[in-house]
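Note sheet for the following structure.
Bear in mind that the values in this text are calculations on the coordinates, not laboratory data. Just so you know, these numbers come straight off a predicted model, no measurement behind them. Here the Cβ positions follow ideal geometry from the backbone for every residue, glycine too, while neighbour counts run over all protein chains shown.
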Amino acid sequence: MRTKTNFIATLVFVLMVTTFTVNAQEEKESYGMAEITYMLPKIGMEKAFEDAVKAHNEKFHKEGVFKASLDLILTGKETGWYVWIMGPCTFSDLDNRPTEGAHANDWDKNVSPKVAKYGRNEFWRYNNKLSYRGDTSDAPKFENIWFVNVKRGQNYKFKEFIEKVKAAYEKKAAGNFSIYYNQFTEGNGRDVAIVWAFDTWSEMDEDDGGIKKHFEEIYGEGSWDNALKDWEASTETINSQVWRIGVNN
């Protein structure tokens, strides 16, 4: 009897370990991360900078995990800055990224002379479980990005709010938003990025993203206002920017 009990206990343990290992492997294999670098070109050299980055990307970042693009910030204090974006990739991929030799020489010779200043360098990991891609077009023109400072100890409440918002988007069956987590937070208010892709500025006229109706159909009348209180309780600040996507495509 004891042998049978020990066997069952061992079997359960093996199944638990196997399940955990498989889930961990799937999570590791499935995640996508973007490396972003802020750059401010020299005055009057914006077009030359765009062309130089495009040529560099064509040579060294055309496809795969190291594929890169260039966006332009249109609003806020960083208006006029460009954001070079590489990925989606993983940290393991970075061990084999192009760096020295021809890659570095091309950047130093053709791109750097047109750069007045380098800014942030960050790594943002996409959270598929909290995101809703919906009707995102294959090549959206703009992104509205909220960089959110989540209060210490309140990430669980923030995630609960986002999960409910996702359910409302799913009920609406339209719209989109993506959630990214900063992998190296610096206490600068950039813990989480919420990204809405759009094609026309008129889409910005919907204050609540058009989901309040669907949200309250799921969670009851007045639930949207209560949810906003949870949002306020779990966040400190928001820095909102609009980016033009792929300026040199």
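State the extension gain, in nm to one decimal, for the chain segment bounded by E232 and K42, taking 0.36 nm per residue of separation less the distance between their alpha-carbons. Show your work: numbers first, answer last.
Working: separation 190, 0.36 × 190 = 68.40 nm, distance 3.93 nm.
Extra length from E232 to K42 when fully extended: 64.5 nm.
Cross-link partners of K129 among aspartates and glutamates, defined as those whose alpha carbon lies under 13 angstrom from its own and excluding same-chain residues fewer than eight positions apart: E27, E160, E163, E170.
Electrostatic bookkeeping for F147 treats Lys and Arg as +1 and Asp and Glu as -1; over the other residues with beta carbon under 9 Å from its beta carbon, the sum is 0. Oblate is the label for region 150-217, because the ratio a/c of its alpha-carbon gyration tensor axes (a ≥ b ≥ c) is 1.5 or higher and a/b is not greater than b/c. Along region 140-146 the Karplus relation, 6.51 cos²θ - 1.76 cosθ + 1.60 evaluated at θ = phi - 60°, assigns HN-Hα couplings of x, 8, 9, 9, 9, 10, 9 Hz to successive residues, with x for each Gly and Pro.
For the chain, what does the equivalent ellipsoid look like in terms of its semi-axes, each the square root of 5 times an eigenvalue of the Cα gyration tensor, given largest first in whole Å?
Values: eigenvalues 269, 161, 51 Å².
Each semi-axis is the square root of five times an eigenvalue, giving 37, 28, 16 Å.
Distance from the Cα centroid of region 55-125 to that of region 131-183 is 25 Å (rounded to whole angstrom). Distance between the 7 Å Cα→Cβ label points at T185 and K141: 3.6 nm.
In what order do M39, M204 fall by count of nearby beta-carbon atoms within 10 Å, going from fewest to most?
Working: M39 20, M204 12.
The fewest-first ordering by Cβ neighbours comes to M204, M39.
For the peptides 47-53, 179-185, the ranking by mean Cβ contacts within 10 Å, running from highest to lowest, is 47-53, 179-185. Projecting the Cα atoms of T90, G119, N105 onto the dipole axis of region 59-125, where Lys and Arg carry +1 and Asp and Glu carry -1 at the beta carbon, places G119 farthest toward the positive end.
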